[in-house]
1. Residue check, residue 107 against (1) farther than 20 Å from residue 156 by Cβ; (2) under 12 Å from the mean Cα position of the chain (by Cα); (3) part of a helix (DSSP H, G or I), all met but one. Which one?
2. Determine whether the range 63-78 contains at least one residue that is farther than 17 Å from residue 149 by Cβ and buried (at least 19 other Cβ atoms within 10 Å of the Cβ).
3. Return yes or no: is residue 132 touching a strand residue (DSSP E or B) at 6+ places or on another chain (Cβ under 9 Å), free of Cβ contacts under 8 Å to residues at least 40 places away in the same chain, in a helix (DSSP H, G or I) and surrounded by fewer than 16 Cβ atoms within 10 Å (Cβ to Cβ)?
4. Are any of the residues in the range 57-70 under 12 Å from the mean Cα position of the chain (by Cα) and more than 22 Å from residue 125 (Cβ to Cβ)?
5. I'm trying to understand the selection: among the residues of the range 30-61, which are assigned to a loop (DSSP other than H, G, I, E, B) and more than 21 Å from residue 82 (Cβ to Cβ)?
């Protein structure tokens with residue numbers, strides 16, 4: 001598999017496992033992974049107070065330069081979706097047919113990016129209604145792949161989520 005360039009979005013109150021598990025699995029597979037936040041070089045704090053330092057700000061990146069985006073859950077997606085630049089980045093990656101992966105509360109970013117209409121997806125049950133109201137067929141499954149969109153529910157589903165992400169990157 002050829003190495004891909006993957007952005008992982010970060011903001012305060014991210015779910016630790018949903019950021020770090022994909023980060024290290026993607027690096028193990030030989031991909032270039034960059035943490036992207038609202039501010040460059042800022043350390044964002046997880047729900048459990050673990051820092052993640054953004055190597056670039058969303059203002060510095062272009063969707064054309066990435067092969068996909070991974071959005072961790074926690075409460076960070078509620079903060080991320082308030083930044084139109086992050087929402088636009090996700091929408092552009094999606095519209096270019098590249099990987100968009102979201103787990104847990106990251107479905108909120110998919111709602112704000114308006115990319116769920118007519119799609120099948122999953123998320124943590126707490127945002128099921130938000131996902132349905134955005135036009136998706138929400139299902140309670142460990143991982144759902146619908147075209148370039150890969151979604152998952154919770155940290156317990158990370159093995160299935162990463163298997164699907166790596167398989168999707170291998171197709172590109």
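1. (1)
2. yes
3. yes
4. Taking every residue of the range 57-70 in turn, at least one turns out to be under 12 Å from the mean Cα position of the chain (by Cα) and more than 22 Å from residue 125 (Cβ to Cβ).
5. 30, 31, 48, 49, 50, 55
Listed here are the residues, each with its yes/no results for (1) surrounded by fewer than 14 Cβ atoms within 10 Å (Cβ to Cβ); (2) not in a helix (DSSP H, G or I).
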| residue | (1), (2) |
| --- | --- |
| 118 | yes, yes |
| 128 | no, no |
| 150 | no, yes |
| 167 | yes, no |
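Every residue, every condition in (1) surrounded by fewer than 13 Cβ atoms within 10 Å (Cβ to Cβ); (2) farther than 19 Å from residue 94 by Cα, yes or no:
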position	(1), (2)
8	no, no
21	no, yes
24	yes, yes
29	no, yes
34	no, no
43	no, yes
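Values quoted throughout were computed directly from the atomic coordinates according to the rules given, and no laboratory measurement underlies them. Remember, it's a predicted structure, so these values are computed and weren't measured experimentally. Here the Cβ is made from the backbone with ideal geometry for all residues, glycine too, and neighbour counts use every protein chain on show.
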